[in-house]
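Everything on this sheet refers to the single structure shown next.
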Amino acid sequence: MRLSKLFTKTRKDAPTDETAKNAQLLIKAGFIHKEMAGVYAYLPLGFKVLENIKQIVREEMSAVGGHELIMTAIQRKELWEKTDRWDDAKVDVWFKSTLKNGTDIGFGWSHEEPITDMMRNYLSSYRDLPAYVHQFQTKLRNELRSKSGIMRGREFVMNDMYSYSVSEEAHKAFYDKATVAYLRVFERVGLGDITFLTFASGGAFTQFSHEFQTITAAGEDTVYLSRKKKLAINEEVLSDEVLAHLDISRDELEEVKTAEVGNIFSFGATKSEQLDLYFVDEDGTRKPVILGSYGLGVTRLMGVIVECFADDKGMVWPDNIAPALVYLARIGDIPAVASAADELYDQLTGKGISVLYDDRDVRPGEKFADADLMGIPYRLVVSEKTISSGQYELKKRIEDSPKLLDKENLIKVLGA
RNA sequence: CGGGGUGUGGCGCAGUCUGGUAGCGCGGGCGGUUUGGGACCGUCAGGUCGAAGGUUCGAAUCCUUUCACCCCGACCA
């Protein structure tokens with residue numbers, strides 16, 4: 001992508017109505033646009049990051065047998081009444097409206113009910129099970145107060161997977177696979193070392209759920225953590241009983257501030273019974289399907305990544321989710337430089353390397369500052385100097401000094 | 001939802017206390033000098049001061065109502 005053709009631009013000043021680092025940087029760099037409190041649009045560069053994260057999630061969901069689909073944002077009231085979650089006193093984040101004919105509807109803050117109800121059409125025999133489905137959906141939640149930029153919005157993208165199993169044993173086996181799949185996602189986006197599977201409250205259905213908590217000062221949760229045992233406990237469930245259950249003592253645990261990037265639940269048979277999702281087993285008996293739910297906040301994850309890696313110059317994206325791998329800065333505007341940079345841009349993109357090509361007629365300092373702010377992993381410079389030396393100047397975002405490489409080595413380093 | 005703060009060109013702000021018809025920086029247009037870490041000179045465009053109502057000869061400024069945004073807390077499958 002040529003920066004001269006991109007309509008977004010960077011800003012020197014961050015908006016003062018945002019204090020969250022992720023929102024300030026993403027807005028300064030032109031990745032997102034704030035429509036209103038807790039509601040953000042994703043501009044081309046931010047959209048690219050979001051799509052890159054989604055692709056990683058998609059691959060991991062697919063690897064454990066997940067089939068992607070997309071449910072509706074508009075939902076039926078009757079469904080939620082069956083599970084007693086329509087009442088605002090029970091669920092306080094509902095957006096609701098009414099059709100012209102007077103029918104009450106809700107806007108999806110979660111999809112457990114509709115997706116489980118829908119599955120009644122397809123799951124009737126043990127031969128139909130297990131089934132694993134997932135989607136990337138914009139969830140709408142009428143939060144009393146949204147905060148922390150894209151980490152807690154009223155409108156946000158979530159990957160939610162649901163598992164339908166014949167038995168508790170089968171469910172448990174998949175639950176463990178899904179846990180590993182999510183851990184792999186966090187590993188791949190660079191948060192593996194600071195993201196922990198965490199014991200949390202299980203709500204109405206089970207004693208515990210599991211959260212994935214990433215250590216960051218920008219987080220809203222507090223967890224007690226053993227790095228050695230790779231185990232964490234949300235403060236809301238910390239008790240002697242829980243410590244005994246997990247066979248760990250309080251003084252092995254350190255207190256850390258975290259952001260919840262994922263949350264997985266076992267529903268058992270409860271929701272299937274409420275929504276009448278039964279199947280006929282091998283032995284001819286009718287049984288409720290065992291349900292699990294696995295959520296990962298995609299937009300929140302993007303915000304957490306900004307928070308965790310940014311430095312005083314701007315954002316720092318891991319290679320595999322950056323809006324581009326290379327920021328190609330053309331220094332000087334003489335024809336020889338322009339044509340050399342054009343040619344390099346074509347060659348790299350031809351090899352499948354994603355390049356943000358700064359072909360604007362602005363001073364070098366501005367290009368370097370923008371490359372840093374946007375957090376592009378590699379900065380590649382073409383100038384009179386590099387042309388006369390027959391080499392290219394490559395600098396990693398996280399390193400201070402550049403290296404001079406010939407074209408062959410350049411392409412090797414960039415992995416094509 | 002309780003407490004606190006803020007709304008003035010696209011962005012960041014001053015002016016409000018003490019009413020006299022809006023100013024600065026960034027950004028944008030044009031002309032020129034520049035070109036390896038956000039350059040500089042000249043020039044031009046752009047705002048009925050969040051909205052509504054009131055007081056006054058006159059309101060960004062005073063009064064009333066209202067909307068929005070931010071922070072702290074509460075809440076948070």
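The values are calculated or read from the model by the stated rules, or taken from the named source; none is laboratory data. It should be emphasised that the depicted structure is a prediction, and the values quoted were computed from it without experimental measurement. Neighbour counts run over all protein chains shown; Cβ positions are idealised from the backbone, glycine included.
Can you pull out every residue in the stretch A:59-83 that is over 19 Å from A:GLN135 (Cβ atoms) and either without any contact (Cβ under 8 Å) to a residue 60 or more places away in the chain or not in a loop (DSSP other than H, G, I, E, B) (or both)?
A:LYS77, A:GLU78, A:GLU81, A:LYS82 - these are the residues of the stretch A:59-83 that are over 19 Å from A:GLN135 (Cβ atoms) and either without any contact (Cβ under 8 Å) to a residue 60 or more places away in the chain or not in a loop (DSSP other than H, G, I, E, B) (or both).
Within the stretch A:241-330, which strands (runs of 3 or more DSSP E) (wholly inside it) include 1 or more residues that are within 13 Å of RNA strand B (Cβ to nearest atom) and surrounded by fewer than 16 Cβ atoms within 10 Å (Cβ to Cβ)?
A:254-268
Which of the residues belonging to the stretch A:145-156 are surrounded by 18 or more Cβ atoms within 10 Å (Cβ to Cβ) and not in a strand (DSSP E or B)?
Within the stretch A:145-156, A:SER146, A:SER148, A:GLY149, A:ILE150, A:MET151, A:GLY153, A:ARG154 meet the criteria.
Does the stretch A:211-233 contain at least one residue that is more than 16 Å from A:GLY292 (Cβ to Cβ) and acidic (Asp, Glu)?
yes
Among residues belonging to the stretch A:178-188 that are in contact with a strand residue (DSSP E or B) (Cβ under 9 Å, 6 or more places away or on another chain) and touching a residue at least 24 places away in the same chain (Cβ under 8 Å), point out the one that is farthest from A:LEU243 (Cα to Cα).
In this case the residue turns out to be A:VAL185.
How many residues are assigned to a helix (DSSP H, G or I), within 20 Å of A:LEU3 (Cβ to Cβ) and of a type in the set (Val, Ile, Thr) when one looks only at the stretch A:20-58?
2
When you check A:GLY192 against the structure, is it closer than 24 Å to A:PHE309 by Cβ, at pLDDT below 95 and touching a helix residue (DSSP H, G or I) at 6+ places or on another chain (Cβ under 9 Å), yes or no?
No, not satisfied.
(1) more than 28 Å from the chain's Cα centre (by Cα); (2) touching a residue at least 24 places away in the same chain (Cβ under 8 Å): which one isn't true of A:LEU99, the others all being true?
(2)
Working only within the stretch A:111-129, note down all residues that are part of a loop (DSSP other than H, G, I, E, B) and without any contact (Cβ under 8 Å) to a residue 60 or more places away in the chain.
A:HIS111, A:ASN121, A:TYR122 - these are the residues of the stretch A:111-129 that are part of a loop (DSSP other than H, G, I, E, B) and without any contact (Cβ under 8 Å) to a residue 60 or more places away in the chain.
Can you pull out every residue in the stretch A:202-253 that is of a type in the set (Gly, Ala, Ser) and touching a residue at least 24 places away in the same chain (Cβ under 8 Å)?
Those that are of a type in the set (Gly, Ala, Ser) and touching a residue at least 24 places away in the same chain (Cβ under 8 Å): A:GLY202, A:GLY203, A:ALA204, A:SER209, A:ALA217, A:ALA218, A:GLY219, A:SER226, A:ALA232.
Residue check: is A:ALA217 under 29 Å from the mean Cα position of the chain (by Cα) and either in a strand (DSSP E or B) or within 25 Å of A:GLU60 (Cβ to Cβ) (or both)?
Spelling it out, it is not the case that A:ALA217 is under 29 Å from the mean Cα position of the chain (by Cα) and either in a strand (DSSP E or B) or within 25 Å of A:GLU60 (Cβ to Cβ) (or both).
Would you mind stating whether A:ASN142 is free of Cβ contacts under 8 Å to residues at least 12 places away in the same chain and either within 16 Å of RNA strand B (Cβ to nearest atom) or part of a loop (DSSP other than H, G, I, E, B) (or both)?
No: the conditions fail for A:ASN142.
Hey, A:PHE196 hits all of (1) within 16 Å of RNA strand B (Cβ to nearest atom); (2) touching a strand residue (DSSP E or B) at 6+ places or on another chain (Cβ under 6 Å) but one; which does it fall short on?
So A:PHE196 meets the others, but not (1).
Starting from residues that are hydroxyl-bearing (Ser, Thr, Tyr) and surrounded by fewer than 22 Cβ atoms within 10 Å (Cβ to Cβ), keep the ones in the stretch A:346-366 and report whichever is farthest from A:VAL57 (Cα to Cα).
It comes out as A:THR349.
Can you find a residue in the stretch A:88-95 that is more than 16 Å from RNA strand B (Cβ to nearest atom), under 21 Å from A:ILE264 (Cα atoms) and assigned to a loop (DSSP other than H, G, I, E, B)?
no
Checking A:PHE47 against (1) away from RNA strand B (no atom under 11 Å from the Cβ); (2) touching a residue at least 60 places away in the same chain (Cβ under 8 Å), which test does it fail?
Of (1) away from RNA strand B (no atom under 11 Å from the Cβ); (2) touching a residue at least 60 places away in the same chain (Cβ under 8 Å), only one is false for A:PHE47: (2).
For the stretch A:286-329, which positions are of a type outside the set (Val, Ile, Thr), within 30 Å of A:ALA269 (Cβ to Cβ) and in contact (Cβ under 8 Å) with a residue 40 or more places away in the chain?
Hits for the stretch A:286-329 are A:LYS287, A:LEU291, A:GLY292, A:SER293, A:TYR294, A:GLY295, A:LEU296, A:GLY297.
Looking at this structure, is A:ILE215 within 13 Å of RNA strand B (Cβ to nearest atom) and crowded, with 20+ Cβ neighbours inside 10 Å?
no
From A:GLU60, A:GLU35, A:GLU113, A:GLU51, grab the single residue that is surrounded by fewer than 19 Cβ atoms within 10 Å (Cβ to Cβ), under 24 Å from the mean Cα position of the chain (by Cα), modelled with pLDDT of 95 or more and among the charged types (D, E, K, R).
The match here is A:GLU51.
Looking at A:VAL39, is it within 11 Å of RNA strand B (Cβ to nearest atom), within 30 Å of A:VAL133 (Cβ to Cβ) and in contact with a strand residue (DSSP E or B) (Cβ under 9 Å, 6 or more places away or on another chain)?
In short, yes.
So, in the stretch A:341-390, how many residues would count as being more than 29 Å from A:ILE305 (Cβ to Cβ), part of a loop (DSSP other than H, G, I, E, B) and either among the β-branched types (Val, Ile, Thr) or within 10 Å of RNA strand B (Cβ to nearest atom) (or both)?
Residues meeting the conditions: 3.
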